[in-house]
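*Asks:* Below are the structure tokens for one structure; questions will follow.
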Amino acid sequence: MSADQLALWYLVAAVSFILALKGLSSPPTARRGNYFGVAGMAIAVAVTLALIYSHSKSVLPIVGGMVVGGVIGAFVARRVQMTQMPELVAAMHSLVGLAAVFIAIAAVNNPEAMGLHTPITGLHKAELFIGTFIGAITFSGSVIAFGKLAGLGKHFRLFSSAPVVFKGQHWLNLALGIAMIGFGVAFFMAEQSEWPPFIIMTALAFLLGFLLIIPIGGADMPVVISMLNSYSGWAAAGIGFSLDNPMLIVAGSLVGSSGAILSYIMCKAMNRSFVSVILGGFGGETAAVAETEQKTVRSGSPDDAAFLLSNADTVIIVPGYGLAVARAQHAVKELATKLTQKGVTVKYAIHPVAGRMPGHMNVLLAEAEVPYDQVFEMEDINSEFPQADVALILGANDVVNPLAEQKGSPIYGMPIIEAHKARTVLVNKRSMASGYAGIDNPLFYMDKTMMVFGDAKKVVEDLVKAVE
Amino acid sequence: MTAGVDPIVFYLTIFVLAIFVGYHVIWNVTPALHTPLMSLTNAISSIILVGAMLAAGSETLDWGGWLGVLAVALVSINTFGGFLVTQRMLGMFKKKEPKPGDKE
């Protein structure tokens with residue numbers, strides 16, 4: 001195969017990746033999009049394999065590696081629970097990062113095998129350096145993110161979902177970052193013995209990845225996971241530059257910009273600036289609640305709630321992550337079906353950060369076979385609350401806090417689901433504990449609000465029985 | 001015009017344009033599918049498999065070559081796992097009852 005043919009096939013693969021992402025613009029076309037992605041990948045792998053076969057014939061180890069990895073990947077993809085998707089994605093980012101580092105090391109070891117000159121020219125060295133350090137940061141950062149998401153903090157303090165902070169943290173990170181770039185420049189300049197600066201630079205990048213993620217708290221994980229998604233793309237693009245491969249550059253940039261946009265959306269939904277998320281230290285501490293005055297809440301039984309629900313015309317369900325933790329999605333779907341049979345219109349309102357990663361709650365509801373045309377995004381459904389008879393809030397707190405509309409409150413400006421505008425509000429929570437933001441929620445004390453305390457699954461199951 | 005231009009300039013052009021394409025395509029993704037978007041982009045980022053294959057495909061498999069083989073195995077977990085789990089998730093997104101005459 002000529003170099004031109006190879007490049008053209010790679011172009012086909014790159015276009016397939018663009019079409020894959022385009023397919024995700026709506027659920028009906030999404031599966032076709034995924035097939036485009038698979039096709040692009042298959043083309044890229046097949047022509048690369050053909051290229052290697054025509055040069056050196058040593059394709060057996062490659063195929064062996066692919067089979068081993070493929071079997072593990074297929075097994076994991078089949079077994080993973082939808083609540084564990086954030087962990088899975090974090091783990092996968094770490095693999096991309098680590099592989100980028102391995103490829104860079106292999107390229108420094110044997111440039112010719114990768115189609116580079118020996119010794120590697122200056123520009124390619126700079127590109128290798130960029131690919132390596134982004135890859136290393138992606139790897140170690142994702143390992144920490146995985147540990148935090150998987151709740152390994154009990155066993156190992158670094159994985160604590162509470163931020164791990166110490167004095168001078170940011171200065172240390174800055175110093176490490178400068179040192180890392182310094183050794184990168186040394187690698188760039190080195191005529192001979194390029195290994196020592198390369199190894200030190202890589203080690204520093206690994207360390208930096210750990211240190212950058214440990215101070216970020218559990219509540220900010222949706223941002224972190226999107227950010228690491230972005231990094232894994234830039235790492236791929238960096239490797240693409242060093243190997244003179246435009247397809248890697250295109251695919252990497254697509255992923256990089258995707259992750260960046262998702263980070264932006266998540267930050268906006270949480271009313272946090274990207275910089276303050278990165279600097280960390282939020283999400284574990286509970287801010288002191290200033291108000292001490294005793295306020296009364298009205299609490300009711302599932303029977304009372306079921307009465308209200310059955311007599312409503314429109315019910316909007318607002319699920320939060322507490323619902324997923326209690327594994328109550330299927331019970332909710334059952335409740336919705338029952339209500340629909342009674343002629344009640346049921347809709348779902350999803351806040352962008354309702355789960356632990358972007359779009360997580362949508363997947364959890366889809367898994368419970370909730371039809372996606374009943375599920376609405378925050379902006380699309382907020383205008384409907386004033387006409388809704390009942391807003392049923394399950395395991396959500398900060399995302400329905402009307403304080404966000406009040407100047408001076410810590411969450412002022414955060415976009416919320418306007419459940420307080422519904423005629424009646426039903427709230428299921430386990431206790432009156434505050435949410436991640438650590439502030440009280442006036443919604444719970446409103447006259448039209450009725451609290452139903454208890455585990456979400458138990459309560460919803462009781463509701464299902466009571467509605468009959 | 002192209003004579004004398006360093007190839008890196010072309011790659012930079014591709015890079016910048018690809019970011020623009022990515023920006024516009026991603027903003028069109030419906031928020032409901034952001035989790036599948038992440039697993040799909042994750043699968044796509046395993047395109048560095050191509051680099052790993054080149055590293056693993058040298059004639060003499062020295063330690064660097066074996067490192068490439070290891071990278072191939074690691075990234076393949078992503079490639080296969082990423083696309084499969086995306087497919088699994090997308091399979092869950094169903095409409096209530098397809099009404100006749102409804103376009104897809």
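The values are calculated or read from the model by the stated rules, or taken from the named source; none is laboratory data. Please read these numbers as outputs of a predicted model, since none were measured by experiment. Glycine also receives a Cβ, built like all others from the backbone with ideal geometry; neighbour counts cover every protein chain displayed. Ligands, DNA and RNA are excluded from the accessible area calculation, which covers all protein heavy atoms including side chains. Shrake-Rupley method; radii C 1.70, N 1.55, O 1.52, S 1.80 Å.
*Asks:* How high is the relative contact order of chain B? Use alpha-carbon pairs under 8 Å, at least six apart in sequence, and give a whole percent.
*Replies:* Relative contact order of chain B: 26 percent.
*Asks:* A further question follows. Check A:Thr424: other-chain or 5+ apart residues with amide H under 5 Å from its amide H, H built from backbone geometry?
*Replies:* Under 5 Å from the amide H of A:Thr424 lie the amide H atoms of A:Val390, A:Ala391, each far enough along the sequence or on another chain.
*Asks:* What shape does the stretch A:141-218 take by its C-alpha gyration tensor, where a ≥ b ≥ c are the square roots of the eigenvalues and a/c under 1.5 counts as rounded, a/b above b/c as prolate, and the rest as oblate?
*Replies:* Prolate, since a/c reaches 1.5 and a/b exceeds b/c.
*Asks:* Just by accessible area at a 1.4 angstrom probe, what is the order of A:Thr424, A:Thr138, A:Thr118 from largest to smallest?
*Replies:* Largest accessible area first, the list is A:Thr118, A:Thr424, A:Thr138.
*Asks:* Give me the extension gain from A:Arg78 to A:Leu123: residue separation times 0.36 nm, minus the current Cα-Cα distance, reported in nm with one decimal.
*Replies:* So the extension gain works out to 11.9 nm.
*Asks:* Can you tell me which aspartates and glutamates have their Cα less than 20 Å from the Cα of A:Lys421? Leave out same-chain residues fewer than eight positions away.
*Replies:* Straight-line reach from A:Lys421, under 20 Å: A:Asp313, A:Glu377, A:Glu379, A:Asp380, A:Glu384, A:Asp389, A:Asp398, A:Glu405, A:Asp440, A:Asp447.
*Asks:* Hydropathy at least 1.6 by Kyte-Doolittle, axial extent at least 20 angstrom from the Cα trace: which helices of chain A, defined as entire DSSP H runs, fit?
*Replies:* Long hydrophobic helices here: A:85-109, A:195-213.
*Asks:* I would also like to ask the following. Please report the carbon-and-sulfur percent of the accessible area for the stretch A:311-417; probe 1.4 Å, protein heavy atoms only, DNA, RNA and ligands left out.
*Replies:* With neighbouring chains kept in place, the figure for the stretch A:311-417 is 48 percent.
*Asks:* Going toward the positive end of the dipole of the stretch A:1-114, with +1 on Lys and Arg Cβ and -1 on Asp and Glu Cβ, which of A:Leu21, A:Ser94, A:Ala106 do you reach last?
*Replies:* It is A:Leu21, whose Cα lies furthest towards the positive end.
*Asks:* About its Cα centre, how strong a charge dipole does the protein assembly as shown have in debye, to the nearest 20, once Lys and Arg get +1 and Asp and Glu get -1 at the Cβ?
*Replies:* It works out to roughly 880 debye.
*Asks:* Taking a ≥ b ≥ c as the square roots of the Cα gyration tensor eigenvalues, with a/c under 1.5 meaning rounded and otherwise prolate when a/b beats b/c, else oblate, which class fits the stretch A:298-402?
*Replies:* It is rounded, given that a/c, with a ≥ b ≥ c, falls under 1.5.
*Asks:* Give the dimensionless ratio obtained when the Cα radius of gyration of the protein assembly as shown is divided by 2.2 N^0.38 Å.
*Replies:* In units of the globular-protein estimate, the protein assembly as shown measures up at 1.03.
*Asks:* Taking θ = phi - 60°, what integer Hz values does the Karplus form 6.51 cos²θ - 1.76 cosθ + 1.60 yield along the stretch A:374-391, in sequence order, with x for Gly and Pro?
*Replies:* 9, 9, 10, 6, 3, 5, 7, 10, 3, 6, 8, 4, x, 8, 7, 6, 9, 9
*Asks:* Need the C-alpha centroid separation for the stretch A:153-215 versus the stretch A:337-408, integer Å.
*Replies:* 41 Å
*Asks:* Now for a different question. Give the Cα extents of the stretch B:1-68 along the principal axes, in whole Å, largest first.
*Replies:* The principal-axis extents, from largest down, are 48, 40, 11 Å.
*Asks:* So what is the accessible area of the stretch A:8-129 per residue, in Å², with the probe set to 1.4 Å?
*Replies:* Here the per-residue accessible area is 40 Å².
*Asks:* On a 31 Å Cα-Cα criterion, which of the cross-link pairs A:Lys22/A:Lys154; A:Lys268/A:Lys342; A:Lys154/A:Lys338; A:Lys458/B:Lys94; A:Lys154/B:Lys94 come out too long?
*Replies:* A:Lys22/A:Lys154; A:Lys268/A:Lys342; A:Lys154/A:Lys338; A:Lys154/B:Lys94
*Asks:* Lysines near A:Lys167 by alpha-carbon distance under 22 Å, same-chain residues fewer than 8 away left out - which ones?
*Replies:* A:Lys167 reaches A:Lys148.
*Asks:* Hey, what's the Kirkwood Rh for the stretch A:73-214 if you take every pair of different alpha carbons, in angstrom?
*Replies:* About 16.4 Å for the stretch A:73-214.
*Asks:* Moving on. With Kirkwood's inverse mean 1/r over C-alpha pairs for Rh, give me the Rg to Rh ratio of the stretch A:363-408, two decimals please.
*Replies:* 1.02
*Asks:* For the pair A and B, how large is the buried accessible area, both sides, in square angstrom to the nearest 100, if the probe is 1.4 Å?
*Replies:* Using a 1.4 Å probe, the pair buries roughly 8200 Å².
*Asks:* Here's something else I'd like to know. Per residue of A:352-359, how many C-beta atoms from partner chains lie within 10 Å of its own C-beta, taken as a mean?
*Replies:* 3
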